[in-house]
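Some notes on the structure that comes next.
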Amino acid sequence: MRHTLTLIGLFGLQFLCAQWHDRFSNGFDSAWIGDRSDFKINLQQELQLNAMDAGNSMLFHQIQKHDSMSWSFYFKMDFAPSATNKLLIILMADRTEYDSANAFVLEIGDNGTNDNWKFYLKENASK
């Protein structure tokens, strides 16, 4: 099955001054919105994709913008990413409708043996 996992607001987001973080130790916080049924908290208290069908799975968490921000997160991909089976982490976006959003994006996965990491500013419908 092919999935593109997109997280807006970022899972496991942590600010150095502890403005907000989620370690999923208390389950699935109700502040996460999106395709919640496509995810679960596993026995290691990690957010895990659990979608039954191919497609896109998205989660969002609203955060407050600050002059200085820092992100720290852990992810594990037990598959070879490709252009159609990859991880998108939207660090910040001006709306939850990704196709029309302005967003800072971290993209992990590409075709071939060189699995690129890309960081870019997506402006509306372009990247």
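The values are calculated or read from the model by the stated rules, or taken from the named source; none is laboratory data. Small disclaimer: the values here were computed from a predicted structure and weren't measured. Every residue, glycine as well, gets a Cβ built from its backbone with ideal geometry; the counts of neighbours run over all protein chains shown. Surface accessibility is based on the protein's heavy atoms, side chains included, excluding ligands, DNA and RNA. Shrake-Rupley method; radii C 1.70, N 1.55, O 1.52, S 1.80 Å.
Here are the numbers:
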{"item": "Residue within the stretch 2-16 that is at pLDDT 85 or above and either outside any loop (DSSP other than H, G, I, E, B) or farther than 23 Å from residue 103 by Cβ (or both) present", "result": "no"}
{"item": "Count of residues meeting criterion [assigned to a loop (DSSP other than H, G, I, E, B) and closer than 17 Å to residue 106 by Cβ] in the stretch 83-93", "result": "3"}
{"item": "Of the criteria (1) assigned to a loop (DSSP other than H, G, I, E, B); (2) touching a residue at least 24 places away in the same chain (Cβ under 8 Å); (3) polar (S, T, N, Q), which one residue 45 fails", "result": "(2)"}
{"item": "Among residues of the stretch 58-80, those that are assigned to a loop (DSSP other than H, G, I, E, B) and within 23 Å of residue 41 (Cβ to Cβ), counted", "result": "12"}
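Yes/no matrix, rows are residues, columns are (1) open to solvent by 40 Å² or more (accessible area, probe 1.4 Å); (2) over 12 Å from the mean Cα position of the chain (by Cα); (3) not charged (D, E, K, R):
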site: 54; (1), (2), (3): yes, yes, yes
site: 59; (1), (2), (3): no, no, yes
site: 66; (1), (2), (3): yes, yes, yes
site: 75; (1), (2), (3): yes, no, yes
site: 85; (1), (2), (3): no, yes, yes
site: 102; (1), (2), (3): yes, yes, yes
